[in-house]
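Here the structure comes first, spelled out in structure tokens, and everything after it is commentary.
The values are calculated or read from the model by the stated rules, or taken from the named source; none is laboratory data. Given the structure is predicted, the values throughout are model-derived calculations rather than measurements. All Cβ positions, glycine included, derive from the backbone under ideal geometry; neighbour counts span all protein chains shown.
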Amino acid sequence: MQLIQRTTLVYQAGSSDKVYEVDLCQVAPDRYMVNYRYGRRGGNLREGAETVTAVPLNEAQRVFDRLIRSKVTKGYREAGTVAPEAVAASVAVPANIDEPDERNRAVLARLMLAVNNRNAITKPKEWKIDRAIWRSGELQLAAATPLLMQLWGNNPLTNYSIAWALGNCGDASAVPMLDAIYRQADTPAHIRRIALEALFKLNPEGAGALRDELIVKLPKPLRELVRQGAATATIIEALQTYLATATPPQFDVLDLLYQIDSEHTRPAVLEIVRHAPFQPNYFQRLRHIFKIAEYRHDAEVFGILVYRLDRTPAFYNSNTYGIYIPNTSEYLRMQNWVRNPKTGQYESTPTGEFQAEMAKSNCRLAYSHKTRDYLRRRVWRSLKTLGELNRSEYVPLAVHILLQYSDLDATPIRESNYWHHTERRNRRISWDKYAAYLAFNHILYTNSPRYELPPSNDVWRCKSTYKIGDPAPNVREEAFPELWEQQPHLLLQLLSESQCQPVHEFAIKAIRTCAEFCQGISIEILMQLLAKPYEVTAQFGFELARSRYQPDNPQTDLILAIANCAYAPARSEAHNWIRTQIDRFITDDRLIAGLIISPEVDTQLFIQQLLCNTIFPADTARTIIGRIIAELLTLDTTRSHIAEHATQTLITCFSVALRAIGLEIVLDLLRHPLPVLQTCGAQILLNHQTQTIDLPPGLIDALLESPVASVRVIGVQLFGQLPDELLIERIELILTLVTHELPEMRSAIRASIQRIAAAHPDFTTTLLDRLIPILLAPEAHEGLHTFISQLLQNDLPNWMAVTSAEITWTLLKSAATASQDLAGKILQVNSTRWADTLATEKIAELTHHEILAIRVAGWQMLEQILPRLRQQPADLLAATVVMASKWEDSRQFGFKLFGELLTPAELSPSVVISICDSNREDVRKFGRDLVGSCFQQQDGLEYLLKFSEHPTTDMQLFASQYLEDYAAGNLDRLQELTPYFTRVLAQVNRARVAKQRIFAFLNSEAIKSEAAAQVVIELLTRQSASIAIGEKARALETLLKIHQLYPQLSVPILVKQVPMKT
């Protein structure tokens, strides 16, 4: 059995003198028991067990604490302690107040009144005693100590204020009472914590012993590590492991660690403070730490928590109706509404659900929006009190708060417009980038003409007279400027450590008023200021540094800092200093390297121009290159833009010297995580004097496998520089590169393939056998088929002329455009050889293909088979298909073929008619022109009959010109052309000339014979119902003439005599 914790309680009253001991013991792993002993002091004690059986530690601890509390309520107190009341009773109270300061005297008078009238009821307008107690602590009134001790009583709020004030008053005579408060068993936990902090303040000599007592209370794993002074990481890991399985009460270990606050525990506390969630179990302890840090003026911890309060949204929102417990669907109602039958009104009664939840040891609620608002406002109240009391602690606290914020915390600028009813106009409200940070703005802008905090608001906004982006006013805007001027070294700390633009602007304004201090700033600090990315800070640093520049003995580091700073005039001045003494600086490798990796573009261009105009000896160039590469190797991934320009300058200005640098240096560049430096190393290697075949084994393969695309491309180029014999042996790798997913990788190997293929015909054959199937397969990567097609067309010689027709037609039928294009080029090369083997129809089909190369091949083949076309009418007729192509270029070739390459005598009427039968207007026009050049009298009837069947108006009109010559006086022809007449006359608002010719023809034919007249009557009768009015008159005229000539024929008209008026 191992004793874990023992508490001894005593009770003394009258003749009674009793003792009560309680033990918490471990009997097995995670099995604990609570035992007790009691009786008269000095006599035999009776023993008992509060736990019947062993229980887990959490339950045993609750039983142990409950037993202690029950005895304390009966009057027991911890052995060796004295009741606070007893201590207070031994302190003499001054009879009168001897205080010259009016404010202090008022506070002491109120305390004296409370001591002399402890049972009096506070009047409504009387200053509350708790506030007076708190104020005495704020004012650090040592004279208030005996009065405060007399006021100790049963009110927890008053007692907390007394303990808090006693520590701040600074009178060591309060130590015994504070010790009694801390050690009294029934003292509430929050009062014990503040009493302990007050003891630390008033009794620093005894703080070590108190912290040793606290260490004993730590869980065993942490206790041993803290005692041994284990490494920070070890303690943090042990704490995180402990908290991962801790019950809610066990999170009190965080309070203990911060109270101990040793060099071993503080890093662990800071880790928790920075990263612990503001959620149940953690937040309650973080709130304790916040208040202790505020009391201690622990600027580091306080600043971190202030920042997190600004940045962390509330865990839950509370209201008068109810609360949803986060991460659950459970709802806690605040009130029940019940109808009162007597009044008929609904009345509310508290449910107590929220209070019951908050009372649980495993409460699921913490950090409401109200708590967040309260703590954020409390921060500035505390700071403001310090400032108003002219306390120096204000500045360190403000500094550590400001240091938490960076440029990354800036939020988008917001604007809103609203109608102002009083002013009868629209007003604009603007919120700047840092408007949401309450204490941050209080510190920087309390006296600002730009920003204001509206009443009952927690977001700072721009005043109506200020527009965001306007120049900052030339006045001090911060709160308590005189306190900042008293501690300029903390302003300098802000400038050195802050990464926030507004903080630098404030600090520069403030520190400029401390002229004497500024003159004492060291060169090293000035260079730190010059390195900041803020122009206002760089300008301040330059103004101080310029006065210290000595041309006869210039400091290279200072010149470099100025040349790389964010203030453009300063950089220009540094460039002039370097130009003035170019011979002194040009060989300074540290300066040159620093300028090359400058973050400023103008400095980069300045040094690049300077180096390009300078010829260095070989030894000097090697030294400078070594320094530059050494500096480049120190760059991290956040500075890749600097590395990009620096490597460009290096390769441009030292290209010759780089050919001879050691391969180890190149390998260092290739191993660097920055892709731009890896690329630089690969470029140096590509141009290095070392032969490719002599490079370290595996290096080229490593480049080819690099995750950086540009490095892989250079790796391919290096691979291509190997002897042809080695490359031919690695054809599989070549094929991998040819089919690579990245276009630049494919392009990089192309020159090598061209070189090898020109010297090794067998290589061409092997490559063809492997690439053709890839063209026929689905495209694995975008653009791959096009690349292979171009490679085969342009880089592999003489293979097209000997390839087979089977492969060509297979490529032609492929779905890939690139494969079809390649087939077209093969067909062009072999057009002379293959034209006679192909049917004319198949050749003509090629001219319809969407790939130009295939159409060109079709044209070439048609020219090759001209003799066949002249000799075989069927083939000539088949060739007219080229005129039906949708491609303009193919039709133009058809015009050339039938208009120039073939003579009119070689074109039969069927060929010409076939051309005219096209559905394209330009082809029909060409066909009509051919009719004119090829016309033979005996072919006129055939043209008339064929053209009359065409549905287009232009061909119908063209056919109408043959009516008089080839259809007049022929009844059979008239009947045969009836469909033609019907189609033309049925058109509305079209074919006017053709209609005129047809009406004239029908009119003339109708009077030649009765049979012809009957045909015309039937035709016009059918059309009379649908033809237009103007054309209907022509029809009536013809019918009337027929009726007059052949009255025996029935016509669809009735002739009436016009009545004559008499």
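Which ones in segment 461-481 are in a loop (DSSP other than H, G, I, E, B), under 22 Å from Ala436 (Cβ atoms) and among the charged types (D, E, K, R)? Result: Lys463, Lys467, Asp470, Glu477, Glu478. Among the residues of this structure, Glu263 does not count as one that is out of contact with any Gly (no Cβ under 7 Å at 6 or more places or on another chain) and either within 20 Å of Leu286 (Cβ to Cβ) or not in a loop (DSSP other than H, G, I, E, B) (or both).
The set of residues in segment 542-571 being outside any helix (DSSP H, G or I), farther than 15 Å from Asp588 by Cβ and modelled with pLDDT of 95 or more consists of Cys565, Ala566, Tyr567.
The criterion of being closer than 21 Å to Arg193 by Cα and of a type in the set (Ser, Thr, Tyr) does not hold for Thr241.
When segment 286-342 is limited to residues that are among the small types (Gly, Ala, Ser) and within 30 Å of Arg391 (Cα to Cα), the one that is surrounded by the fewest Cβ atoms within 10 Å (Cβ to Cβ) turns out to be Ala299.
The single residue among Asn457, Asn474 that is under 20 Å from Ile511 (Cβ atoms), of a type in the set (S, T, N, Q), modelled with pLDDT under 95 and not assigned by TED's automatic domain parsing to the domain that holds Lys291 turns out to be Asn474. Evaluate segment 168-182: report whether one residue or more is in contact with a helix residue (DSSP H, G or I) (Cβ under 7 Å, 6 or more places away or on another chain), on the phi > 0 side of the Ramachandran plot and touching a residue at least 24 places away in the same chain (Cβ under 8 Å). Checked against the condition, which is being in contact with a helix residue (DSSP H, G or I) (Cβ under 7 Å, 6 or more places away or on another chain), on the phi > 0 side of the Ramachandran plot and touching a residue at least 24 places away in the same chain (Cβ under 8 Å), segment 168-182 yields at least one hit. Please go through segment 769-788 and give me each residue that is under 24 Å from Gln717 (Cβ atoms) and among the hydrophobic types (A, V, I, L, M, F, W, C), ordered by number. Leu771, Ile774, Ala780, Leu784, Phe787, Ile788, listed by residue number. Starting from residues that are surrounded by 19 or more Cβ atoms within 10 Å (Cβ to Cβ), touching a Gly at 6+ places or on another chain (Cβ under 9 Å) and in contact (Cβ under 8 Å) with a residue 40 or more places away in the chain, keep the ones in segment 844-895 and report whichever is farthest from Leu827 (Cα to Cα). Per the stated criteria, the residue is Met883.
For the residues Trp134, Trp127, the requirement of being in a helix (DSSP H, G or I) and not small (Gly, Ala, Ser) singles out Trp134. Within segment 140-191, the set of residues being surrounded by fewer than 18 Cβ atoms within 10 Å (Cβ to Cβ), more than 25 Å from Ala106 (Cβ to Cβ) and under 50 Å from the mean Cα position of the chain (by Cα) comprises Pro188, Ala189, His190. Criterion applied to Asp252, Asp298 was being of a type in the set (Asp, Glu), under 26 Å from Ser161 (Cβ atoms) and within 37 Å of the chain's Cα centre (by Cα), and the one residue passing it is Asp298.
Mind checking whether some residue in segment 725-738 is among the aliphatic types (A, V, I, L, M), assigned to a loop (DSSP other than H, G, I, E, B) and more than 24 Å from Leu670 (Cα to Cα)? Give the steps one after another, and end with the answer.
Narrowing segment 725-738 to residues among the aliphatic types (A, V, I, L, M): 726-728, 731, 733-735, 737-738.
Filter once more, so that each one left must be assigned to a loop (DSSP other than H, G, I, E, B): none.
Within segment 725-738, not a single residue is among the aliphatic types (A, V, I, L, M), assigned to a loop (DSSP other than H, G, I, E, B) and more than 24 Å from Leu670 (Cα to Cα).
Scanning segment 218-239 for residues that are in contact (Cβ under 8 Å) with a residue 24 or more places away in the chain and surrounded by 14 or more Cβ atoms within 10 Å (Cβ to Cβ) yields a count of 10.
Here is the figure for segment 292-302: residues that are part of a helix (DSSP H, G or I) and without any contact (Cβ under 8 Å) to a residue 60 or more places away in the chain total 2.
Are there any pairs, at least 6 apart or on different chains, whose C-beta atoms fall under 8 Å, with the first in segment 93-109 and modelled with pLDDT under 90 and the second of a type in the set (D, E, K, R) and surrounded by 11 or more Cβ atoms within 10 Å (Cβ to Cβ), and if so, which? Taking only residues 6 or more apart or on different chains, the pairs are Ile97/Arg105; Glu99/Arg105.
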